[in-house]
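Enquirer: If you scroll down you'll find the structure; I have some questions about it.
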Amino acid sequence: MDLPTPPGSLVLLESQTGSGKTEAALWRFAQLLKAGACDGLYFALPTRAAAVQLHGRVDRAMRALLGDNAPLTVLALPGYLRAGEMQGRKLSRFETLWDDEQQAPRAWAAEHPKRFLAATVAVGSVDQALLSMLRVKHAAMRGALLSRLLLVIDEVHASDFYMRALLAALLKRHRAAGGHALLMSATLGAGFRAQLFGEEAPTLEAAVAAPYPLITWCGTGEAAQTRAPEAASQQKAVQVESLPLADEAATIVEQALAAARQGARVLILRNTVGDAVATQQALEALAWEGSPLLLRCGELPALCHSRFSPEDRRALDGALEQAFRPKQRGASGVVAVTTQTAEQSLDIDADWLMTDLCPMDVLLQRIGRLHRHADRARPAGFTQARASILMTPQPDWAGWAAALNGAGSRGPHGWGTVYEDLRVLRLTAELIDQRPHWNIPADNRLLVESAMHQQALDQLQARAPDMAEVDRFIAGQNYTDSGMARIALLKVDKPLMDDDAQALPTQNRAATRLGSDDRMALFAEPHPMSPLANPVAQLRLPESLVRGCQFQAEENPRVIQQDDAGFAFAWGGKTFLYDRYGVRRA
């Protein structure tokens, strides 16, 4: 990573999961800091869960790098109050109590979201950086603060068309101000790579032939240059199979438990929270709640997904990492049920992966949690990495495609909903059947481009005309998203005091992600207690859960029942439950 440091540099690092991209980013930061080319670092991740996991790692690295002069690494997530190893508690709107009062002044930037980018080093979601480009309050301040930092965006492929439009504008403005950016991905497609560097997209053949791993960089106004680091000498051979069991939770967990009894650590990854809950309930019914083969958090069987409080999420993620810890000695078999929260940042090492079908780039991320560490001893029968992809017996691609434009029913298991591009899902499913043996990372380019390159999508449509519905839907969606992005973006070429350029009409709200109209439930003290015995001060409810609620102005949730299993609360005219399966409608 000893690269030139011209003003406005852009670096893209493509390398396999677990190959040290985070460490390379920190080395790039040290290089720029030493050269006086930046004053700090903002590490942006696609999800809140990934940011929470990475925060401690970056903080430890800063202390190792800078010693006693290391700044506190701020966790830049609304609702969290963490700087370095310090934890804070909100006393009032303008007052925070830190557990180390002598160090409290150093944590000032962590006390309010609009201050996050004032930190010397911060780890948070990509949303905080994107807010600097939206027509919202404090955007100009956020942009000015960000311009002095090295902006690192991890898993840059994990963005939709709308977010990519915002990201392109952010990088343009950040680099024009002399700021530096580093992007990282294990599974970036050639089309997006070309877009980032203002180049023409390569053909499918050329995209597959591109080196991997690869470093691409340029300065402002310069042509992109590339460097191909030495490829990994050790390949992970993965046996990939399609299992037509996506609708049969009981059979899934029966097979998983049989493997766990042989000493295997089995990771079951579902696309939707509903499927994850159903799978966990089937697991408990078959194994009994007290079984040592179940993932546990404290004394309780544990399920990992996004609909838990921040405190419970930390405990659950910690339990998952502990159970799947690479170096754990004398580990017994275990079965864990998760959703996408286990895809990124968690250092977990499964002996067998069972996962719903998902787009190829996402699937490779999930496979990164399988046989993650080559030096770990495996139980008999699981020395070969095995990924079982959960499908339905007869996928109804034509019916699900028609549903995208209003006819028929959307696909199950997140197909056509969580992952809308059925073309990519179909090509991924075909590759699984055609190529039962994958070598990772040698096959990464071939797999990603064969499922996601525009030329591959066109070839699919030529032989499967029913995919034309998907093509029209995605094209229309992208056109709409592009227009929404243009409306939401800050007009940086207009005067700051020009209200029409800097603010949206009051009835509109600019967002970093479309369709993310979540609600934050804020509970009055004394806070209700979670089943993990953590006080719950706040709880994020996704848009799908609050749909149909009638919220009154300044209405707060009202706890109506509390017991050891969790609590129930009323809000917006509906009743919700919070227990060890997460938050859901009563």
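Enquirer: Would you mind classifying the range 247-400 by shape? Square roots of the alpha carbon gyration tensor eigenvalues, ordered a ≥ b ≥ c; an a/c under 1.5 is rounded, otherwise it is prolate if a/b is larger than b/c and oblate if not.
Expert: rounded
Enquirer: Further, regarding this structure: Of the beta bridges DSSP finds with both residues in the chain, what % are antiparallel, to the nearest 5?
Expert: Given both bridge residues lie in the chain, the antiparallel proportion sits at roughly 45 percent.
Enquirer: Further question on the same structure: Mean separation of Cα pairs under 8 Å and 6+ residues apart, divided by the residue count of the range 99-252: what relative contact order is that in percent?
Expert: Numbers: 127 pairs, mean separation 20.6, N = 154.
For the range 99-252, the relative contact order is 13 percent.
Enquirer: Another question, if that's okay. What percent do you get for the relative contact order of the chain when only Cα pairs under 8 Å and 6+ apart count?
Expert: Values: 1089 pairs, mean separation 87.8, N = 586.
Result for the chain is 15 percent.
Enquirer: Taking H placed 1.01 Å from N in the peptide plane, check which residues at least 5 places from Ser125 or on another chain put their amide H under 5 Å from its amide H.
Expert: HN-HN under 5 Å from Ser125: Leu45.
Enquirer: Relative contact order (percent) for the range 236-440, with alpha-carbon contacts under 8 angstrom and 6 or more residues of separation?
Expert: 32
Enquirer: Another one. Can you list the HN-Hα couplings for the range 41-46, worked out from phi with the Karplus curve (6.51, -1.76, 1.60; θ = phi - 60°), rounded to whole Hz and with x for Gly and Pro?
Expert: Using θ = phi - 60°, the values come out as 9, 10, 9, 9, 10, x Hz.
Enquirer: In whole Hz and in residue order, list the ³J(HN,Hα) couplings for the range 87-94 that follow from phi through the Karplus curve 6.51 cos²θ - 1.76 cosθ + 1.60, θ = phi - 60°; x for Gly and Pro.
Expert: After applying 6.51 cos²θ - 1.76 cosθ + 1.60, I find 10, x, 9, 6, 9, 7, 4, 10 Hz.
Enquirer: Using amide H atoms built in the peptide plane, which far-off residues or other-chain residues are under 5 Å from Leu150 H to H?
Expert: HN-HN under 5 Å from Leu150: Asp39, Gly40, Leu41, Tyr42.
Enquirer: Per residue of the chain, what 222 nm ellipticity follows from adding -39500 (n - 2.57) for every DSSP H run with n ≥ 4, rounded to the nearest 500?
Expert: Calculated at 222 nm, the ellipticity per residue is -10000 deg cm²/dmol.
Enquirer: While we're on this one: Between the range 292-311 and the range 174-253, how many Å separate their Cα centres?
Expert: Each part reduced to its Cα centre gives a spacing of 33 Å.
Enquirer: Among Ala181, Ala194, Ser147, whose Cα projects farthest towards the positive end of the dipole of the range 142-247, with charges put on the beta-carbon of Lys, Arg (+1) and Asp, Glu (-1)?
Expert: Of Ala181, Ala194, Ser147, it is Ser147.
Enquirer: Moving on. By counting other Cβ atoms within 10 Å of each Cβ, how are Ser159, Ser9, Ser332 ranked from fewest to most? It would help to have the intermediate numbers written out before the result.
Expert: On the way: Ser159 18, Ser9 24, Ser332 14.
Least crowded to most crowded, the residues run Ser332, Ser159, Ser9.
Enquirer: Could you give the dipole magnitude of the range 10-227 about its Cα centre, charging the beta-carbon of Lys and Arg +1 and that of Asp and Glu -1, in debye to the nearest 20? Don't skip to the end; give the middle numbers.
Expert: Working: 24 positive and 19 negative charges, 115 e Å.
My answer is approximately 560 debye.
Enquirer: Please go through the range 1-103 and write out the chymotrypsin sites (Phe, Trp or Tyr not before Pro) that DSSP classes as loop and that have at most 12 other C-beta atoms within 10 Å.
Expert: Numbers: sites: Trp27, Phe29, Tyr42, Phe43, Tyr80, Phe94, Trp98; in loops: Tyr80, Phe94.
Those that pass, being in a loop and sparsely packed, are Phe94.
Enquirer: Please list, by residue number, every one of the trypsin sites (Lys or Arg not before Pro) in the range 1-97 that is coil in DSSP and has at most 12 other beta-carbon atoms within 10 Å.
Expert: Arg93
Enquirer: Name the residues whose placed amide hydrogens come within less than 5 Å of the amide hydrogen of Thr575, ignoring near sequence neighbours (fewer than 5 apart) on the same chain.
Expert: Correct list: Ala586.
Enquirer: So how strong a dipole does the range 72-200 carry about its Cα centre when Lys and Arg Cβ are +1 and Asp and Glu Cβ are -1, to the nearest 20 debye? Could you put the intermediate results ahead of the total?
Expert: Details: 16 positive and 12 negative charges, 117 e Å.
Charge dipole, the range 72-200, about its Cα centre: 560 debye, nearest 20.
Enquirer: Sort out for me the Cα centre separation of the range 57-134 from the range 350-391, rounded to whole Å.
Expert: After rounding, the separation between the Cα centres reads 35 Å.
Enquirer: About the Cα centre of the chain, what is the dipole size in debye to 20, counting +1 per Lys and Arg Cβ and -1 per Asp and Glu Cβ, all else neutral? The partial results should precede the final answer.
Expert: Working: 61 positive and 65 negative charges, 189 e Å.
I would put it at about 900 debye.
Enquirer: Let me know the shape class of the chain, please: from the alpha-carbon gyration tensor, a ≥ b ≥ c as square roots of the eigenvalues, rounded when a/c is under 1.5, otherwise prolate if a/b is greater than b/c, or oblate.
Expert: rounded
Enquirer: Which one of Val240, Val266, Gln344 is farthest out on the positive end of the charge dipole of the chain, using unit charges on Cβ (Lys, Arg +1; Asp, Glu -1) and the Cα centre as origin?
Expert: Farthest along the dipole direction, towards plus: Gln344.
Enquirer: Can you compute 3J(HN,Hα) from phi for each residue in the range 251-257, using the Karplus curve 6.51 cos²θ - 1.76 cosθ + 1.60 with θ = phi - 60°, rounded to whole Hz and x for Gly and Pro?
Expert: Ordered by residue, 3J(HN,Hα) equals 6, 4, 6, 4, 5, 5, 5 Hz.
Enquirer: First check a/c for the range 427-586, with a ≥ b ≥ c the square roots of the eigenvalues of its C-alpha gyration tensor; if it is under 1.5, answer rounded, and if not, answer prolate when a/b is larger than b/c or oblate otherwise.
Expert: On the way: a/c = 2.59, a/b = 1.39, b/c = 1.86.
Judged from the Cα gyration tensor, the range 427-586 comes out oblate (a/c at least 1.5, b/c at or above a/b).
Enquirer: Run through the range 144-233 and list the GluC sites (Glu not before Pro) located in a DSSP loop whose Cβ has at most 11 other Cβ atoms within 10 Å.
Expert: Passing both the DSSP loop test and the Cβ count: Glu200, Glu230.
Enquirer: In this model, which of Lys90/Lys172; Lys90/Lys491; Lys90/Lys114; Lys172/Lys236; Lys34/Lys90; Lys21/Lys90 are farther than 27 Å apart at the alpha-carbon?
Expert: Cα-Cα > 27 Å for Lys90/Lys172; Lys90/Lys491; Lys172/Lys236; Lys34/Lys90; Lys21/Lys90; rest within.
FYI, it's all coordinate maths here, none of it is from the lab. Please read all numbers here as calculations on a predicted model, not as lab measurements. Glycine gets a Cβ as well: all are built from the backbone with ideal geometry, and neighbour counts include every protein chain shown.
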